[in-house]
1. Compute the distance in nm between two label points, each set 7 Å from the Cα along the Cα-to-Cβ direction, one at THR84 and one at ARG209.
2. Using 0.36 nm per residue, how much length does the chain from ALA595 to MET223 gain when fully extended, once their Cα-Cα distance is taken away?
3. Considering only DSSP beta bridges with both partners in the chain, what is the antiparallel share in %, to the nearest 5?
4. If you find the alpha carbon centre of the range 346-409 and of the range 267-318, how far apart are they in angstrom?
5. Taking 0.36 nm per intervening residue step and subtracting the Cα-Cα distance, what contour gain separates ASP175 from GLN409 on full extension?
6. Can you list which of the GluC sites (Glu not before Pro) found in the range 381-485 are DSSP loop residues with at most 10 other C-beta atoms within 10 Å?
7. Among ILE384, GLY306, LEU374, whose Cα sits farthest toward the positive end of the charge dipole of the range 294-405 (+1 at Cβ of Lys/Arg, -1 at Cβ of Asp/Glu, about the Cα centre)?
8. Describe numerically, in nm with one decimal, the distance between label points set 7 Å from Cα along Cα→Cβ at GLU42 and at ASP575.
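Readers should treat all values here as calculations from the given coordinates under stated rules, not as data from a laboratory. Just so we're clear, the structure is a prediction, and the values are computed from it rather than from any experiment. Neighbour counts run over all protein chains shown; Cβ positions are idealised from the backbone, glycine included.
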Amino acid sequence: MDLYQPSKEFAERANLRAGADYEALISDARSDPEGFWEQIAESELHWFRKWDSVLDDSEHPFYKWFVGARTNMSFNCLDRHCQTERRDRPAILWEGERGDRRELTYQQLLEAVQRFSNVLKARGYRAGDRAILYMPMVPELPVAMLACARLGIIHSVVFAGFSSEALKTRILDLDASLVVTADGGWRRGKVVPLKQAVDEALDDCPGVRDVIVYRRTRSEITMQQGRDSWWDDLEAGVPADCPAEELDSEHPLYVLYTSGTTGKPKGIVHTTGGYQLQVSMAMRWVFDIKDEDIYWCAADIGWVTGHSYIVYGPLLVGTTTVIYEGAPDYPGPDRFWSLVDRYKVNVFYTSPTAIRAFIRFGDEYPGRHDLSSLRLLGSVGEPINPSAWEWYHSVIGGGRCPIVDTWWQTETGSIMISPVPGVTALKPGSGTFPLPGISADVVDGEGRPVKPGGEGYLVVRKPWPSMFRTLWGDPERFIETYWSQMPGLYFVGDAARKDEDGYIWVLGRVDDVMNVSGHRLSTAELESTLVRHTAVAEAAVVGMPDELTGQAVIAFVTPIRGNDPTDELAAELRDWVAQQIGKFCRPKQIRFSDALPKTRSGKIMRRLLREIVTTSRVTGDITTLEDLSVINRLAAQQDEERDGD
């Protein structure tokens, strides 16, 4: 496999440089992890009161960081920058799907946040109260997040594509008394009726006493007297001066719900002090952020990537963050590249799913735009297959941009495994090594490190600052899900391989590893092989029970445009896998689909595909599913397969 060394030009300007300085950083983190994080915390962030101890590990796994310290996320994101020349630097560059644009400097954003904070205070909201934010990708969403953070109101952002039922579940679980929403949002040229979904959800949520509505689409909606208020009406005449609350380091910042196998979403709780430290350092180490950079994370704020790397991380380090409201291919497949060109984006961070979609559209679309401003590319959400990595590097990065292939989770809060650009030699498809201060490892079933070249389970051995603290209202599930499989270790739930050079290759969820005729196969390896075929844009592989082999490989494939989904192509793909890996893993079936079931953050929902091939129906949690029609079509296809047998 090709090894991509950092270019001399990039390495010379990198925030972390190869050699003695970087080795000393790694050594310090290993020899004295608490001292390592303490020194960074003192230099990077503002604390109203310093901590009594860096880490309290007396009640494993309920760790506490920077015990006794008092700080505020909103202050660190805004106020301290506005005491410098950064006050006049753009904090947010925003573009709506219909082409409308806004720019907010750090000073303007601070004033907007303070004004909305005063709105919330006037309505009686204080530290410890809970708010649901159900909004489109407009600047007012980060304004609401930062206002809540300023006052200590625990917020939970619910992705604007969720149904009213999913919204209701989260409101009830959080026992929220405030909902902030909009009349609607724009998606692919159509209005998403957000306020209508709120009204439907609140029929069963008597604890909500306030709904604040931002005017976005100016759609006709119903406003309930005494409960519903327009954002702009409440702000009229409100002063833009509201001091940040001095909050305990362990005060909950937000709760973010993620799907669980039981069907009930899990409320991941992140606190303030440690979280803000680690996301800010990832911005510096992983994205190599400079003062002059224009940075764009093309995710949605409704997911943890958006929390950490659209809102909080970029603002903590004082960079300019781009926010885009709409779909990546609307009104045409080059929308993302037009944004990179227009705003002269330097650092671009997106998902392998999006990259594969761009490959499917064709090279002509990025070719229409000047992408020369890019100097660093990132990948997030799932392992990126090497062929997509190579395309991203050559077509989007022009062969000059390092790619930081990042591994982390909603639960970890921040990036854990990633190349350090300018330092790490890159292997396409590998997340490479844990970041300084992170003790991730690949172990066997007994918790012992695997030998070079071995496969096992990805774990984290020691606590880290941005770690989640518990599951909202369910500490028993927190312990059982994450800490009981391997005592003393955080069980990630991913399978991984450590190669001869120590590079970590994440292979996917543990339940995405199949056993075919005694051979352990990762779905990631099979999918990567299929996508290397010139006719395949995207693939998802699951196992189906088989009397002969234990499990049989079933591959769902989306062809690149111009390739007809024929029996001949299916046979060719089955032979291709056999040639590339071995005859024992030849797919039993190739099922073509124009789309695969994905979460709204872009991850393929293999769990649903597994249910389809094993039971012909889907019974698990589908609240994060982007397009229900995709799974319905695949289920119908399964019925046809069964009827034909």
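1. 4.1
2. Details: separation 372, 0.36 × 372 = 133.92 nm, distance 3.78 nm.
Length gained between ALA595 and MET223: 130.1 nm.
3. Working: 57 of 95 bridges.
Of the beta bridges lying entirely in the chain, close to 60 percent run antiparallel.
4. 19
5. Values: separation 234, 0.36 × 234 = 84.24 nm, distance 2.48 nm.
Here the answer is 81.8 nm.
6. Working: sites: GLU390, GLU411, GLU446, GLU455, GLU476, GLU480; in loops: GLU411, GLU446.
Qualifying residues, ordered by number: GLU446.
7. LEU374
8. Placing both labels 7 Å along Cα→Cβ, they lie 6.8 nm apart.
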